[in-house]
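Student: Got a structure for you, questions after.
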Amino acid sequence: MRSTRIFGIGAAAVSLTLLAGACGSGGGVATGPEEGEGEGQEITIGLIPWEEDIAVTHLWKAVLEEKGYTVNIENVDVAPMYEGTANGDIDLFLDTWLPITHADYWEEYGDRLEDLGTWNDNASLQLTVPSYVEDINSIEDLKGNADMFDGQIIGIESGSGLVQTTKDSAIPAYDLGDEYELVESSTPAMLQELETAIADEKPIVVTLWRPHIEYSKYDLKDLEDPEGAMGEAESIHMVGREGFGEDFAELNGWLGNFTLDDDQLQALETAVLIDHEGDEDAGARAWLAENPDFLSEVMGDDAEGLEFAS
């Protein structure tokens, strides 16, 4: 399973229910800072079960707690994430993919959100197979080879931009609709299918995205996309509720300097999701301890005195 096993599907469902109730009741999670910077401020960060979001959310949780913030993490699905942030029940979300993957959510809620900038500009949606699957190197190679994959493309959540792009763009572009069923399940279920197939060295094609920790764990092959149906590289944005920049001016300044390149993100994900599986906070702190120059670049003099060594 992908690293959402850290939280468990049941926990996600509980958080989803709680957040939905908060949105419906007009109450919600207590957010916003108290007087002063850092010490005594409380912030709620939304988290969807995507590896890069888990990694960077816990990175910032570790940093903010060292600076005196009280950090609450709400683990929910992508749709209630945007609704909750737009309604002010969530202060910050670090994993908005634009201009394609989360375009529908941005169109619906963007006028009630603050775009806080991008931290990675090389995100991409993929159809992927294990590298041992020979003779399948392009999405167009899938046509006529459905029997090899039991007629299935294994997807993630039905409301995800990745599934919608695969369904509405890639499958029609390559005329795969009569041969393949796009299985809409969940990210953990997709990753379980992928890892089981790899253990048995069986062919499988899945919806995946870069950056992703699975590329560090396994030898995978993204299928070429000559039609451009899966879209171009995207940017990962940070978004806040209305008033975020004013209410969290100190943090907003740090986020303006926050970037991770692909190598840094892969190392962070490895520390958080593999080396410290089950203890994401420890993994984030370990990575921060090994990369002291990173926070100096992001926070300047505000990084002085921060200590993450265990």
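Student: So, in the stretch 257-289, how many residues would count as being touching a residue at least 12 places away in the same chain (Cβ under 8 Å), among the acidic types (Asp, Glu), more than 22 Å from GLY117 (Cα to Cα) and surrounded by fewer than 17 Cβ atoms within 10 Å (Cβ to Cβ)?
Tutor: Of the residues in that region, 2 qualify.
Student: On to the next question. Spot the failing condition for ASP178; the list is (1) open to solvent by 50 Å² or more (accessible area, probe 1.4 Å); (2) touching a Lys or Arg at 6+ places or on another chain (Cβ under 8 Å), and only one is missed.
Tutor: So the condition that ASP178 fails would be (2).
Student: Contact list please: Cβ distance under 7 Å, first residue in the stretch 134-155 and farther than 12 Å from PRO203 by Cβ, second residue small (Gly, Ala, Ser) and open to solvent by 20 Å² or more (accessible area, probe 1.4 Å), pairs at least six apart or on different chains.
Tutor: GLY155/SER185
Student: Could you tell me whether any residue of the stretch 92-108 is open to solvent by 10 Å² or more (accessible area, probe 1.4 Å) and of a type in the set (Phe, Trp, Tyr)?
Tutor: The answer is yes, given that some residue of the stretch 92-108 is open to solvent by 10 Å² or more (accessible area, probe 1.4 Å) and of a type in the set (Phe, Trp, Tyr).
Student: Moving on. Tell me, please, whether a residue that is assigned to a helix (DSSP H, G or I) and at pLDDT below 95 can be found in the stretch 204-214.
Tutor: yes
Student: Here's a follow-up. Give just the number: which of (1) more than 15 Å from ILE156 (Cα to Cα); (2) touching a strand residue (DSSP E or B) at 6+ places or on another chain (Cβ under 8 Å) does THR207 not satisfy?
Tutor: (1)
Student: On to the next question. Within the stretch 194-238, can you find the residues that are closer than 20 Å to GLY161 by Cβ and open to solvent by 60 Å² or more (accessible area, probe 1.4 Å)?
Tutor: If the condition is that a residue be closer than 20 Å to GLY161 by Cβ and open to solvent by 60 Å² or more (accessible area, probe 1.4 Å), then ARG210, GLU227, GLU232 are the ones that fit.
Student: Another one. Return yes when GLY161 is in contact (Cβ under 8 Å) with a residue 24 or more places away in the chain, over 30 Å from GLU42 (Cβ atoms) and within 21 Å of the chain's Cα centre (by Cα) and no when it is not.
Tutor: Yes.
The values are calculated or read from the model by the stated rules, or taken from the named source; none is laboratory data. Note that this is a predicted model, so its numbers are computed, not measured. Glycine also receives a Cβ, built like all others from the backbone with ideal geometry; neighbour counts cover every protein chain displayed. Side chains included, ligands, DNA and RNA excluded: accessible areas come from the protein's heavy atoms. Shrake-Rupley method; radii C 1.70, N 1.55, O 1.52, S 1.80 Å.
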